[in-house]
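Novice: Handing you a structure now.
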Amino acid sequence: MSDREDQFLLTGAVVLTCDDKDTRINDGAVMVDGDEIADLGPAEEIEEKYPRLHRENLEGKLLMPGLVNTHIHCRMSIIRGLAEDLSLREWLQETYRFRQSYLDEETQKMGVELSLTESLKAGVTTIADMSFHQFLYSPITQKSGIRAVLYDAIMDVYEDTPRKDEMMEFLEDSHPDHIIPGAALHAPYSTTPELLEWFQETIVEGTDVPYSIHLAEIRREIEECQEEYGMTTTEWLEDVGFLSPRLLAVHGIWLEDSDLELLRENEVKISHNPQSNMKLGAGVAPVMKMIKHGLTVGLGTDGAASNNDLDLFAEADTAGKLQKVHHKDPERLTARKLIRMLTIEGARALNLEDQIGSIEVGKQADLITIDLRQPHLLPLYNIYSQLVYSVRGSDVRDTWIEGREIMRERDLRTIDEDCLLDRISRANHRINAQRKKEKDAIKAENI
């Protein structure tokens, strides 16, 4: 056996590479060297080449790239199920009021850890998290082992003073390789021209960090921009030089063909979040037009407060079926395309395609396994169809990120799940007791 613990073989699995040719190896093996994929091929061939390496037998499992969630709000898991059946703006107001009234810093940190736990257990190895106060949450994310683009968000509608200095300090701090600092301007409807100008000059032009924005999420956003500036929000952002290949635009529901062309010209990437869009009644994003225009589109869950789960396999299922029924065409958005959106296209959306998103020599060893020997996954005729329409996040068994074992047979190695769930339950009980006490007091006053 090799003396190096960071060299090992994953063998005997069906290997789905998600490379440019969508290579599939039915009895395959992957050799991991440190944090990278060093070799792959038929199991017999790879085992013969590396006879002294430790082997993990994955017979009966599928080995594939870890999933990429291109948009999430990690701390929002702590208010899962709170604000239901509301429009987006009502939802924003209700969740903001609740956070201000009931959630202290430590409770919101629990929400972040809860999101990371759910994500890792569902096969997500990379997240793009848009949250305020990322400096508070970055250490939690770092400890979990997940790869993350952390967009520190800013707005000036709900905040009296935008946290410009805090954002710059976060961007200038040192971070480990698997944590990528970024910035986010929350949305066109939650910013003033003054803040947009500051972000444009300071972040877009003054740095090389990735940045993001919620764009064209609701019809009213476009109508207000038309009334104020005589242009769509995409045109407004283009007019000030905001669009670039570093920009990840989230949602993109109310985009005109002219907007899509501007996004294509500037190589802007898109995060598609169908379940959240549906739940908030925001609309159906023109995904087929996005793809036709040559845009890179990845999938995201949004936060658990508007989804209400972080299962990317379920998101792919919804994304495919929504386009089929919307266009009344079952050939729209194939299962193979959806799996690419979960993996290599998601990586491209974050400008990380050279590092992750497929199983190829030289790329990072971000890998997951799925147990195929289950009643709802047999028989197996089309692996892509099975992954999109039958697999659940709970079918993921093992996870490696940068070659590091993060989960084995659904047991997380980086997060104490039982302890976390106990803490969440106690916080939930405390908050509900406080809410009941306040309601009882109001009721008593009105008697």
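The rows are residues; the columns are (1) among the aliphatic types (A, V, I, L, M); (2) loosely packed, with under 10 Cβ neighbours inside 10 Å; (3) over 29 Å from T318 (Cα atoms).
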| position | (1), (2), (3) |
| --- | --- |
| Y381 | no, yes, no |
| R392 | no, no, no |
| R397 | no, no, no |
| I401 | yes, no, no |
| K436 | no, no, yes |
| E445 | no, yes, yes |
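Novice: Please name all residue pairs, on different chains or six or more residues apart, with Cβ atoms under 7 Å, provided the first residue is in region 355-379 and is at negative phi and assigned to a strand (DSSP E or B) and the second residue is among the basic types (K, R) and buried (at least 16 other Cβ atoms within 10 Å of the Cβ).
Specialist: T369/K61; T369/R397; I370/K61; I370/R397; D371/K61; D371/R397
Here is a yes/no grid of residues against (1) touching a strand residue (DSSP E or B) at 6+ places or on another chain (Cβ under 7 Å); (2) not assigned by TED's automatic domain parsing to the domain that holds A128:
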site: K321; (1), (2): no, no
site: P330; (1), (2): no, no
site: I370; (1), (2): yes, yes
site: P375; (1), (2): no, yes
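Novice: Hey, could you check region 298-332 for residues that are hydroxyl-bearing (S, T, Y) and at pLDDT 95 or above and say which is surrounded by the fewest Cβ atoms within 10 Å (Cβ to Cβ)? It would help to see each step written out before you state the result.
Specialist: The initial filter retains those residues of region 298-332 that are hydroxyl-bearing (S, T, Y), namely 301, 306, 318.
Pick out the ones that are also at pLDDT 95 or above and you get 301, 318.
Values: T301: 30, T318: 21.
Filtering first and then ranking leaves T318.
Novice: Now for a different question. Tell me yes or no: at least one residue of region 304-326 is basic (K, R) and either over 27 Å from K121 (Cβ atoms) or touching an Asp or Glu at 6+ places or on another chain (Cβ under 6 Å) (or both). First the steps, then the outcome.
Specialist: Looking only at region 304-326, we keep the residues that are basic (K, R), and these are 321, 324.
Cutting the leftovers down to either over 27 Å from K121 (Cβ atoms) or touching an Asp or Glu at 6+ places or on another chain (Cβ under 6 Å) (or both) gives us 324.
Checking region 304-326: at least one residue is basic (K, R) and either over 27 Å from K121 (Cβ atoms) or touching an Asp or Glu at 6+ places or on another chain (Cβ under 6 Å) (or both).
Novice: Can you list residue pairs whose Cβ atoms sit under 7 Å apart, with the first residue in region 5-23 being free of Cβ contacts under 8 Å to residues at least 60 places away in the same chain and the second being assigned to a loop (DSSP other than H, G, I, E, B) and charged (D, E, K, R)? Count only pairs 6 or more apart in sequence or on different chains.
Specialist: Every condition considered, the pairs that remain are G12/E59.
Novice: Separate question: Can you pull out the residues in region 227-261 that are among the aromatic types (F, W, Y), in a helix (DSSP H, G or I) and either under 17 Å from N277 (Cβ atoms) or at pLDDT below 95 (or both)?
Specialist: Applying the first criterion (among the aromatic types (F, W, Y)) to region 227-261 yields 229, 236, 242, 254.
Those left that are additionally in a helix (DSSP H, G or I): 229, 236.
Scanning region 227-261 gives a single hit, Y229.
Novice: Quick one: which helices (runs of 4 or more DSSP H) sit completely within region 26-129 and have at least 3 residues that are in the same structural domain as G283 (by TED's automatic domain parsing) and of a type in the set (G, A, S)? First the steps, then the outcome.
Specialist: Working: elements: 43-49, 88-102, 105-121.
Answer list for region 26-129: 105-121.
Novice: Say whether the condition of being over 21 Å from the mean Cα position of the chain (by Cα), part of a helix (DSSP H, G or I) and either outside the structural domain of V14 (by TED's automatic domain parsing) or basic (K, R) (or both) is met by at least one residue in region 407-419.
Specialist: Yes: region 407-419 contains one or more residues that are over 21 Å from the mean Cα position of the chain (by Cα), part of a helix (DSSP H, G or I) and either outside the structural domain of V14 (by TED's automatic domain parsing) or basic (K, R) (or both).
Novice: Sticking with this one: Suppose we filter L86, L53, L82 for residues that are on the phi < 0 side of the Ramachandran plot and either at pLDDT 95 or above or aromatic (F, W, Y) (or both); which single one remains? Lay out the reasoning, then the answer.
Specialist: Numbers: L86 fails: either at pLDDT 95 or above or aromatic (F, W, Y) (or both); L82 fails: either at pLDDT 95 or above or aromatic (F, W, Y) (or both).
Unique residue meeting the criteria: L53.
Novice: Determine which member of the set D411, D395, D422 is in contact with a strand residue (DSSP E or B) (Cβ under 9 Å, 6 or more places away or on another chain), modelled with pLDDT of 95 or more, over 17 Å from L10 (Cβ atoms) and of a type in the set (D, E).
Specialist: Values: D411 fails: in contact with a strand residue (DSSP E or B) (Cβ under 9 Å, 6 or more places away or on another chain); D422 fails: in contact with a strand residue (DSSP E or B) (Cβ under 9 Å, 6 or more places away or on another chain).
Step by step, each of D411, D395, D422 is checked, and only D395 is in contact with a strand residue (DSSP E or B) (Cβ under 9 Å, 6 or more places away or on another chain), modelled with pLDDT of 95 or more, over 17 Å from L10 (Cβ atoms) and of a type in the set (D, E).
Novice: For region 304-322, state whether one or more residues are in a helix (DSSP H, G or I), of a type outside the set (G, A, S) and without any contact (Cβ under 8 Å) to a residue 12 or more places away in the chain.
Specialist: Scanning region 304-322, I find at least one residue that is in a helix (DSSP H, G or I), of a type outside the set (G, A, S) and without any contact (Cβ under 8 Å) to a residue 12 or more places away in the chain, so the answer is yes.
The values are calculated or read from the model by the stated rules, or taken from the named source; none is laboratory data. Values in this document were obtained by computation on a predicted structure and should not be read as measured data. All Cβ positions, even for glycine, are placed from backbone atoms using ideal geometry, and neighbour counts span all protein chains on display.
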